[in-house]
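To start, the structure itself, in structure tokens.
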Amino acid sequence: MRLLIALIFSWSAFFTIGRPIAGILNVSKVAPAVSRLSLSGWRPAAIWAACAVSPFHTGQKIRRALGR
């Protein structure tokens, strides 16, 4: 579910994994609202969010497997 959020609402995906500063940067600096409406601004923001969410899922799976 987080990956889908990362692709559609990239800035909010950072808040779900506990990285609020990256979420704020995603909205304000990296992908301003005007350029996010175009594909040129949306793609890099979605890729950045997806790359941030993927290791989070892996870490969660490892913790569950080890019983921590």
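Values as computed for the structure displayed
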{"item": "Sites residue 24 and residue 51 - FRET efficiency at Förster radius 22 Å, r taken between beta-carbons, to 0.05", "result": "0.80"}
{"item": "Candidate residues 4, 25: accessible-area rank, largest first, probe 1.4 Å", "result": "4, 25"}
{"item": "Heavy atoms of residue 42 accessible to a 1.4 Å probe, total area in Å² rounded to 10", "result": "90 Å²"}
{"item": "Heavy-atom accessible area order for 56, 15, largest first, 1.4 Å probe", "result": "15, 56"}
{"item": "Per-residue SASA entry for residue 62, accessible area with 1.4 Å probe, Å² rounded to 10", "result": "90 Å²"}
{"item": "Nitroxide proxy distance, nm - points 7 Å out along Cα→Cβ at residue 61 and residue 12", "result": "2.5 nm"}
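The values are calculated or read from the model by the stated rules, or taken from the named source; none is laboratory data. Here the structure is a predicted model, which means the values were calculated and not measured. Counting neighbours? That spans all protein chains shown, and the Cβs are built from the backbone with ideal geometry, glycine included. Remember, those area values only see protein heavy atoms, side chains included, never the ligands or the DNA or RNA. Shrake-Rupley method; radii C 1.70, N 1.55, O 1.52, S 1.80 Å.
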